[in-house]
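J.: Handing you this structure, nothing more for now.
The values are calculated or read from the model by the stated rules, or taken from the named source; none is laboratory data. Keep in mind it's a predicted model, so treat the numbers as computed, not measured. Note that each Cβ is placed from the backbone with ideal geometry, even for glycine, and that neighbours are counted across all protein chains shown. Please note that ligands, DNA and RNA were not included when accessible areas were found on the heavy atoms of the full protein model with its side chains. Shrake-Rupley method; radii C 1.70, N 1.55, O 1.52, S 1.80 Å.
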Amino acid sequence: MTAPLTGFPAEATRRIIVKVGSALLVAPDGSVHRAWLESLVGEIAARRAAGQQIVIVSSGAIALGARRLGLPKGGRATLEDAQAAAAVGQIALSQVWADLLATHGIAAAQMLVTLGDLEDRRRYLNASATLDRLIGLGVVPVVNENDSVATEEIRFGDNDRLAARIGQAARADAVVLLSDIDGLYTANPHSNPAATIIPRVEKIDETILAMADGNSSSGMGSGGMISKLQAAQIATGAGAHLAIISGRVPAPLGAWQASGRGTLFLASARRGARKDWLAGRLTVKGKLSVDAGAANALKQGRSLLPAGIVATSGAYARGDVIDISGPDGAIIARGLAQYDSKDAERIIGKRSEDVAALLGGTQRAAMVHRDYMVLL
């Protein structure tokens, strides 16, 4: 068998997420860029034949539906418009993918997910199992956010982050973001001609984050470079490489492999499935602020005890996901609360031996146990 084609490091060849943005798939008049999409599907078929497993995360439902319904602002003028456009456009989007994959003898499967499907641990595991089964059956899953029921408050907001979360759920080796920009630049290249592309990022730090802005150049999508860097943080933290490359050319995967032009974010070591899920969450129920001593203890792999907590905020129950911030306010960890917020207010700053007297009965020693915590 021919070795799978890849623009990633040699070991990242088994399972890849390919995200397609709205501006690449949908023309300004509302039609599908069919010739371009045919070239991409041909690449996907070739990679599958060479042994790679592919999952597609496809934008485009709102853009397709908006133009069919004649809605202003690409269907994003109101939440109701976006939901209606998505309901109409998703049918067309799924049919296009199914038809083109079928020409290569490949079955497509539609998966529509909401933020809650990947934020709730049980539903996340169900989605992960479904993806794994579909891939095992030789099917190419085509995933999109279920925008027809998503709300402004409870949604991914863009498919860059969705692709990274699907990469986590699928235990993918790599994520490719096909975009209308060919990578991360030192500044916005549309406003700064002197900006240069960054080919490789080993660590996403404040310097890297400062290079992004939130604008979507096409006006169709909902993301920008900020969302792509957030996606890179999620994916690399879960042990998957992520690449931002141009989709403005036919057969974009092959073009990337030939030219090497794009930005590659290198994966970190995997932390375990539960901790990857925790780190990649986009919502939390509350926050604990800790003193310098507790912050140092957490960095050494210890549990968070009530004595080191200086403040709590939010309404959360035992088992909910909460963030932990250090003395400077920066988030340093995330984990599962062992007490609800009302009890937390009573025990913060207290020694473990005093907690039982305050709450009565045998109590848990830690506010957040190290086994259910991940450093960020």
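J.: Looking at the range 25-64, which of the residues that are surrounded by 23 or more Cβ atoms within 10 Å (Cβ to Cβ) and of a type in the set (Gly, Ala, Ser) is nearest to Asp173 (Cα to Cα)?
T.: Ser58
J.: Okay, moving on. Spot the failing condition for Asp323; the list is (1) assigned to a helix (DSSP H, G or I); (2) under 26 Å from the mean Cα position of the chain (by Cα); (3) charged (D, E, K, R), and only one is missed.
T.: All conditions pass for Asp323, except number (1).
J.: If I ask for residues that are farther than 12 Å from Gly286 by Cβ and either surrounded by fewer than 18 Cβ atoms within 10 Å (Cβ to Cβ) or in contact with a strand residue (DSSP E or B) (Cβ under 7 Å, 6 or more places away or on another chain) (or both), which ones from the range 301-318 would you list?
T.: So the first thing to find is which residues in the range 301-318 are farther than 12 Å from Gly286 by Cβ, and the list is 301-308, 310.
The answer is Gly301, Arg302, Ser303, Leu304, Gly308, Val310.
J.: So, one more: Check Arg122, Arg133 and return the single one that is over 30 Å from Gly51 (Cβ atoms), modelled with pLDDT of 90 or more and open to solvent by 60 Å² or more (accessible area, probe 1.4 Å).
T.: Arg122
J.: State the number of residues belonging to the range 91-137 that are assigned to a loop (DSSP other than H, G, I, E, B) and farther than 17 Å from Val57 by Cα.
T.: Residues that pass the stated criteria total 5.
J.: Something else now. Criterion first (over 17 Å from Gln233 (Cβ atoms), part of a loop (DSSP other than H, G, I, E, B) and not small (Gly, Ala, Ser)) does Pro141 satisfy it?
T.: no
J.: Being out of contact with any Pro (no Cβ under 8 Å at 6 or more places or on another chain), free of Cβ contacts under 8 Å to residues at least 24 places away in the same chain and of a type outside the set (D, E, K, R) narrows it down to one of Gly335, Gly319, so name that one.
T.: None of the other options fit; the residue is Gly319.
J.: Condition first: modelled with pLDDT under 90 and surrounded by fewer than 18 Cβ atoms within 10 Å (Cβ to Cβ). Can you find one or more residues in the range 169-184 that meet it?
T.: Yes, the range 169-184 contains a residue that is modelled with pLDDT under 90 and surrounded by fewer than 18 Cβ atoms within 10 Å (Cβ to Cβ).
J.: Being buried (at least 19 other Cβ atoms within 10 Å of the Cβ), at pLDDT 90 or above and in a helix (DSSP H, G or I) is true for just one of Leu288, Leu298. Which residue is that?
T.: Leu298
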